[in-house]
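What follows is a short report on a single structure.
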Amino acid sequence: MLNEQIAKDVGPAHLDIAWEQRGDPNHPTVLLLMGIAAQLVHWPPGFLEALVARSLHVVRFDNRDSGHSTHLRDAPPPNLPAALQGDLSSVSYTLSDMAADAVGLLDALNIDAAHLVGASLGGAISQTIAIEHPSRVRSLTTMMSTTGDMSVGQAHPATMKALFGGPPARTREEVVARAVRSYEVVGSPAFPVDPAAVAETAGLAYDRDYDEVAIARQAVASVASGDRTRLLRALDVPALVLHGLADTLCDPSGGRATAAAIPGAELVLIDGMGHNLPPGLWERLADHIAAIVRKGEAKAARASPRRLEGR
């Protein structure tokens with residue numbers, strides 16, 4: 001059951017941000033950041049439980065333009081093909097703005113610093129937070145993500161055709177059916193997911209909000225934000241990069257490049273994992289995340305022995 005709340009007037013943009021927390025707030029806080037076309041409900045409850053079981057305080061939220069957070073419906077119409085060609089005139093915001101939203105949520109929750117865990121676009125936002133707001137980050141985990149360098153981490157052409165070919169989905173039934181088909185393409189071949197569970201989450205997300213134009217705005221923001229490789233090389237934070245070797249939506253070259261760019265980053269490549277969080281990997285992923293959190297907590301303790309636990 002969701003126990004979400006709305007934080008008002010968040011960050012420099014003064015947005016509403018929908019969020020939910022689980023676990024003991026006195027434990028280290030893990031801030032979960034989701035990707036394009038995804039909401040806080042796309043973090044599987046079983047994965048959240050695995051993190052909480054490892055003595056972590058988990059906060060998940062809707063990015064701007066998703067779920068119950070503010071949608072920028074008065075923004076210019078996004079033009080992704082033009083942005084990919086270098087015309088950024090339709091950009092409404094960048095990943096820096098989305099990063100500032102997340103930091104603003106930490107402010108609203110009175111959390112001094114958190115352990116970031118970002119999936120897909122959420123990984124890119126997490127990297128941006130670490131670059132632009134380093135004092136707010138105790139550790140950085142990016143999953144199925146990339147650096148912004150357009151020569152790595154790209155979707156495979158066959159996957160793009162399968163996902164985005166054909167007529168657009170509009171009704172609840174069409175959107176749910178498309179989600180189930182998409183999982184067949186981008187999911188983890190070695191770790192199957194029950195299609196009924198995919199359909200249930202897709203239906204929940206549709207009922208909370210469905211904004212196809214907002215998805216394009218987020219995509220344009222990603223393109224407009226450029227290559228982070230040089231800036232990632234200056235990070236000084238415990239970092240973990242998780243990537244599936246069967247990921248065809250964000251090629252594993254993106255994960256390899258991310259780990260190569262961040263000094264001391266640990267790279268974990270998982271056979272048979274695609275672009276999702278299947279039940280068969282929840283415990284394994286939670287173990288890796290808990291380990292990097294411990295490194296981040298130890299580093300913070302050395303830097304400031306009198307700091308507040310978890311906040």
What the Cα atoms of the range 87-199 span along the principal axes, largest first and in whole Å, is 44, 37, 29
Relative to the chain, whose Cα atoms define the longest principal axis, helix 282-303 and its Cα axis are tilted in degrees, nearest 10, by 40
From highest to lowest solvent-accessible area (probe 1.4 Å; ligands, DNA and RNA excluded), Met160, Met273 read Met160, Met273
Tilt, helix 95-108 to longest principal axis of the chain (alpha-carbon atoms), in degrees rounded to tens, equals 50
Expected field for Arg256, accessible surface area in Å² at 1.4 Å probe radius, rounded to 10, holds 120
Taking protein heavy atoms only, a 1.4 Å probe, and rounding to whole percent, the accessible area of the chain owed to carbon and sulfur comes out at 55
The chain accessible area per residue, 1.4 Å probe, protein heavy atoms, integer Å², reads 43
Amide H proximity to Ile270 below 5 Å, modelled H, separation 5+ or other chain, gives His243, Gly244, Leu245
Expressed in angstrom and rounded, the centroid-to-centroid distance over alpha carbons for the range 76-117 and the range 243-262 is 21
Cα-based Debye curve of the chain sampled at q = 0.06 Å⁻¹ gives log₁₀ I(q)/I(0) of -0.17
In degrees rounded to 10, the 0-90 angle between helix 195-208 Cα long axis and the longest Cα principal axis of the chain is 90
Computed Rg/Rh for the range 249-288 (Cα atoms; Rh = Kirkwood radius) stands at 0.98
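The values are calculated or read from the model by the stated rules, or taken from the named source; none is laboratory data. The structure displayed is predicted, hence computed values, not measured ones. When the accessible area is computed, the model is the full protein with side chains, heavy atoms only, and any ligands, DNA or RNA have been set aside. Shrake-Rupley method; radii C 1.70, N 1.55, O 1.52, S 1.80 Å.
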